[in-house]
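Working notes for the structure below.
The values are calculated or read from the model by the stated rules, or taken from the named source; none is laboratory data. None of the values given here were measured: they were computed from a predicted structure. Here the Cβ is made from the backbone with ideal geometry for all residues, glycine too, and neighbour counts use every protein chain on show.
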Amino acid sequence: MKEGDVILTPISQADGTVKNRPAVVLREMPRYRDFLVSGISTQLHQCVDGFDEVISPDDADFAASGLLSESLIRLGFLAVLSRKSIAGSIGSISSERHKRLLKRLGDYLVQT
């Protein structure tokens with residue numbers, strides 16, 4: 001696994017149920033090498049404009065992502081996962097998209 005990979009992993013939902021879903025690896029965390037991930041959803045109506053990002057079949061990195069349909073990378077749906085909880089990688093996003101997501105999240109976190 002590496003940053004920018006699209007993975008399949010069980011993630012806890014808002015209602016407490018655990019669902020196997022795709023997520024993108026944003027960062028490997030220090031010491032224990034866990035991963036900060038952002039959940040991916042096909043529920044495009046949940047998009048937060050200027051924060052989340054849609055990845056669609058028209059995008060250059062869509063085919064490499066392993067996703068099956070237009071999807072939403074939800075920066076507001078974060079989790080830290082151990083390596084052993086990840087089922088595997090199905091693809092990856094472009095390094096440009098990965099950097100853009102990190103910048104957007106970082107900018108949001110340092111707002112005063």
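Condition check ((1) small (G, A, S); (2) under 23 Å from K103 (Cα atoms)) across all residues:
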site: T9; (1), (2): no, no
site: S12; (1), (2): yes, no
site: C47; (1), (2): no, yes
site: L72; (1), (2): no, yes
site: I86; (1), (2): no, no
Mind counting the residues in segment 87-105 that are more than 14 Å from V6 (Cα to Cα), of a type outside the set (K, R) and touching a strand residue (DSSP E or B) at 6+ places or on another chain (Cβ under 7 Å)?
2
Suppose the filter is touching a residue at least 24 places away in the same chain (Cβ under 8 Å) and touching a Ser or Thr at 6+ places or on another chain (Cβ under 6 Å); does D61 pass it?
yes
What tally of residues in segment 17-63 results from selecting those that are hydroxyl-bearing (S, T, Y) and at positive phi?
0
Hits in segment 1-15 - residues which are at pLDDT 90 or above and assigned to a strand (DSSP E or B)
D5, V6, I7, L8, T9
Yes or no: D15 out of contact with any Gly (no Cβ under 8 Å at 6 or more places or on another chain) and under 22 Å from L109 (Cα atoms)?
no
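Matching residues to (1) in contact with an Asp or Glu (Cβ under 9 Å, 6 or more places away or on another chain); (2) more than 21 Å from I90 (Cα to Cα):
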position: K2; (1), (2): yes, no
position: I7; (1), (2): no, no
position: P22; (1), (2): no, no
position: R31; (1), (2): no, yes
position: V37; (1), (2): no, no
position: Q46; (1), (2): yes, yes
position: D49; (1), (2): no, yes
position: D52; (1), (2): no, no
Sort out which residues of segment 82-106 are in a helix (DSSP H, G or I), hydroxyl-bearing (S, T, Y) and modelled with pLDDT under 95, and write them in order of number.
S85
